[in-house]
Structures are given as C-alpha cells and as structure tokens.
1. Report the residue, chosen from Ile131, Ile306, Ile64, that carries the largest GNM mean-square fluctuation when the chain is represented by alpha-carbon nodes joined by springs under 10 Å.
2. Local charge sum around Phe15 (other residues, Cβ-Cβ under 11 Å, Lys/Arg +1, Asp/Glu -1)?
3. What label, among (i) 61, 49, 46; (ii) 53, 41, 36; (iii) 67, 35, 32, belongs to Cα extents along the principal axes in Å computed from the structure on display?
4. If you place +1 on the Cβ of every Lys and Arg, -1 on the Cβ of every Asp and Glu, and leave all else neutral, what size is the dipole of the chain about its Cα centre, to the nearest 20 Debye?
5. Dipole of region 2-321 (Lys/Arg Cβ +1, Asp/Glu Cβ -1, origin at the Cα centre): which of Val48, Cys163, Val36 lies farthest to the positive side?
6. Please identify, among His249, His184, His266, the residue showing maximal mean-square fluctuation in a Gaussian network model of the chain using a 10 angstrom Cα cutoff.
7. Between Lys171 and Phe40, what is the spin-label point distance in nm, taking each point 7 Å from the Cα along the Cα→C-beta axis?
8. Please identify the DSSP H helices in the chain that span no less than 18 Å along the helix axis (Cα) and have a mean Kyte-Doolittle hydropathy of 1.0 or more.
Amino acid sequence: MHEIIIIVIALAILFDISNGYNDAANAIATVVSTRVLTPFKAVLLAVVMNIIGAFLTTAVAKTIGKGVVDPKAVTEIVIACALFAGFSWNTLMTRLGLPVSASHALIGGLIGASVSHGGLKILNISGLIKIFSSLILSPVFGIIFGFFFMRIILKYCGTLPVCSVNKYFGKLQIISASFMALSHGSNDAQKVMGIITLSLVSGGFLQSVEVPLWVILTCAIAMGFGTAIGGWRVIKTMGVSMLKLEPVHGFAAETSATAIILGASHLGLPVSTTHVIATAIMGVGATKRLSAVRWGIGKKIVNAWILTLPACAVFAWIVNKLLHLLL
C-alpha cells in the first residue's frame, strides 16, 4: 500500500511539472513576445507567482478530489493510470508546440481509469456536470472579456501616440502578467492537490477530502519547477504565431483571463487556464480585425483541446486494463 501511494505521489509531481511546462505559456507568452520582459525575468516572475497562487485556496482541489468519482470507490492504481495518461499527453503536446488543457487531460484520465475499474456507476455525475460546465463556459467568457476589455481600452487610449501607449501598457503588463501567473497557480496547482488527496482518502490515510499542507507545498514547488523549465515551443505558438502582440494587447488579454480564473478559483471551479488565455488573446485580436488572428493556428489549438479529454480517457482505460492483466 505504501509503495503504491509513493508511486501515485511521484506521478502526480511529474504531472504537475508537465502542467507547468506546457502552461508556462499562459503566464509569460505575451510578456515575452511583446519584449516587456526578457525570458529569464518572465520565467522567474511566473515561478514565484505560481507558487504564491497555489496557497490562496483549496476549493478547486476539493472539487477535483470528490467531484469526479467517489473517493472510496477508486484505488491508487486507478489514480496512477489517470496521472500517467495526463502526463504522457501533456508531454507529447508540449513537444508539438500545442497548448493543451491539463484540466481536461487529468479529468479525462480519471474518468477513463475509473470506468475501466468500476464502470459508470462510480462517477459523480452531478460533480462532473459542474466541472464540465466551468470548462466549457470559461473559454467563451475568455473571448468575450478579451474583446470588450480591449474595446474599452481603445475607446479611451486609441487616439494617443503608439509609442506612449506601448510604454504605458508595457509597465502595466508586468502587473497583469504577475496576476496571470498568480491565478494560474491558484487554479492549476490545485488539481493535482485534489488528486493526491483523493489517493490518500482512497488508501485510508485521510478520512475526508481536506488538503494537507505538505501536499499544497509539494504541488506548488512542482508547478513552479515546470514553469521554470518552460515549454518554449508553446510560448512561441501562444505569443507569436497566433497573433502579433503589442503590450496593450498583452495587458488586455492577461487582465481578462486573470479575472475569469481567479473568480473560478474562488468558487472552487476548475477551468483551463490555457483555454481562457488563448481565447482572451483571440478576443483581443478580433478588435483589430478578424484577419489579425491567425485562425489556422487557432484551429490546431482547438483540435488539440477537443481531443485531450477523450484521448486521455481512452489511454487511461487501456493502461488500467493492462495493469489488471499483468498484476
């Protein structure tokens, strides 16, 4: 039992690192692409703020810990399969330079492995409806918030000289990037906290889904480390390939995304920070003209999003079945 718990925690840490590795683009792609900060300074800022954000609340962790499946109905092997599937998908997509939702990967893996273990009856349907609703609606809010917030900025600052606007919003973008990294840590790090806590409850080490301090600290450091090593191909996709960004656009996108993510974290709703910042960038770009957004790149990103949950669910289902045959 103790060996399995150790394996689960190790896989959870690897998943958290891969999450930070892929999602590094969420916090720093815009601030790097607009050359407001050097890559080194941007990464350092994101690491620090990610770790701080992980300590803000555990509401999302509790939602993940008991909102997908009944903690008493799954085993540590099921959780290990879910984490392995999510980690493998995150790593593959990062190598391809595609930002994906670690939330979808983790939840998809947990659903697939759980169904493989005990069938559909062990899924928490009401909890899944809540989770899926937040995952589906958050990108919609991302593009709406990004579009209208950018329109407001243009209304009041559109007549100013471009050099003045870039200088002013370049400074503001450091603040918006900081809060974006903070919100990323407040939502994404918690998902793995919830998985580790779920495993501890399942193994009888905890009686309820209350996240221990050492779990919070471990996940915060793992997320920060993943951000530090950074997925530069993903950063290029988000900050350069999809839209030519200037400081004002980066500020608008980051501020819009931060408001949505922090609001979701406060309510205990897991959202995809990748989806939110990417759609916020699309919304900001659409204020220039629709053709300003390279929709071909956007289409590839959306396709990766659509595939993430079912691909991880199927992979985790297969891995769990194979382990049962071998063990």
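Please treat every number below as a calculation from the coordinates, not as lab data. On a predicted model such as this, the values are computed, not experimentally measured, just so you know. All Cβ positions, glycine included, derive from the backbone under ideal geometry; neighbour counts span all protein chains shown.
1. Of Ile131, Ile306, Ile64, the most mobile in the Gaussian network model is Ile306.
2. Local charge sum for Phe15: -1.
3. (iii)
4. 1120 debye
5. Cys163
6. His266
7. It is 2.5 nm.
8. Flagged H segments are 2-33, 39-54, 76-95, 125-157, 213-229, 273-286, 295-326.
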